[in-house]
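**Q** Input: one structure, supplied below.
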Amino acid sequence: MASAVVRRGLRLVLALAAGLFAVVAVYLGATIVGAAVPADPPAPPRPAPPASGGQTETVYLLTTLLHADFALAVDGPTRARFAFLAEAGVPIDHPALKFLVFGWGSRAFYTQTPRLADIRPGPTLTAITGDESVLRVAPAGDVRALPNAVAIALPPGGLARLADFIEASFARDGGDGVRLVRPGFGLGDAFFAARGAFNILRPCNVWAAEGLRAAGLPTGLWTPTTQSLKLGLWLHAPEAIGQ
């Protein structure tokens, strides 16, 4: 009798494991299809001024196994645009500041997972099923030599349009104010309330693809992983990568 119960329990565990594997396989397969199907960039919301001063038309994509950030070179116009970050302790005027790094993600998962080793079931389940979103802003030195930094050449005016997209992703407390969610993981970084809901169908890498399309680059239609995000760029905008 006991052995029959054990066998039934083992069969149930194996069936659940097989079902989970099938779901993951279908999801990952769909990311390849989503990257292969082109999504045309939307029309620019307004004519963007040409780059001037130290500003360039290059953005750096910083990718990890699960996540992608934008790194924008800091110059006078960038400091002026994001001056409101200083109130939260981001050292926007520090002379050693070279780049501002922006990332979007699940409030529960992103704010509690500084490293892959910190992944926990609760925040992960919240992110998968649906969560509020946050923006993390981090000051950085020269990111260009980092092994996970990918230079992306934007079309004329693309950098300004991408900055528009990032700025519009902050949730505003009326007027121009933004709401600080919590300090970040290091010196000077912070999490802010953001617009849009996070879930397994619209994670951080989909937000990054939306930003690139707002800047004028074609990407894949659905790119929820960093691998599919980069694959979509390689397929639809290969001339922009590594410039």
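**Q** Which count do you get for residues in the range 108-140 that are modelled with pLDDT of 95 or more and of a type in the set (Lys, Arg)?
**A** Residues that pass the stated criteria total 1.
**Q** A further question on this structure: Has the range 71-81 got any residue that is assigned to a loop (DSSP other than H, G, I, E, B), on the phi < 0 side of the Ramachandran plot and not hydroxyl-bearing (Ser, Thr, Tyr)?
**A** Within the range 71-81, one or more residues are assigned to a loop (DSSP other than H, G, I, E, B), on the phi < 0 side of the Ramachandran plot and not hydroxyl-bearing (Ser, Thr, Tyr).
**Q** Hey, among the residues in the range 206-243 that are in a helix (DSSP H, G or I) and of a type in the set (Gly, Ala, Ser), which one's surrounded by the fewest Cβ atoms within 10 Å (Cβ to Cβ)?
**A** Among those residues, the one meeting the criterion is ALA214.
**Q** Now, a different point. Could you tell me whether the range 195-205 includes any residue that is assigned to a helix (DSSP H, G or I), aromatic (Phe, Trp, Tyr) and in contact (Cβ under 8 Å) with a residue 12 or more places away in the chain?
**A** no
**Q** To continue, here is another question. Regarding ASP176, is this residue at pLDDT below 95 and in contact with a Phe, Trp or Tyr (Cβ under 7 Å, 6 or more places away or on another chain)?
**A** yes
**Q** Moving to a separate point now. Out of the residues in the range 95-111 meeting the condition of being outside any strand (DSSP E or B) and out of contact with any His (no Cβ under 9 Å at 6 or more places or on another chain), tell me which one is surrounded by the most Cβ atoms within 10 Å (Cβ to Cβ).
**A** PHE109
**Q** If you scan the range 57-92, which residues turn out to be within 18 Å of GLY184 (Cα to Cα) and of a type in the set (Phe, Trp, Tyr)?
**A** Matches in the range 57-92: PHE70, PHE82, PHE84.
The values are calculated or read from the model by the stated rules, or taken from the named source; none is laboratory data. For clarity, every value in this text was computed on a predicted model and none was experimentally measured. Quick reminder, even Gly has a Cβ in these numbers, built from the backbone with ideal geometry, and neighbours come from all protein chains shown.
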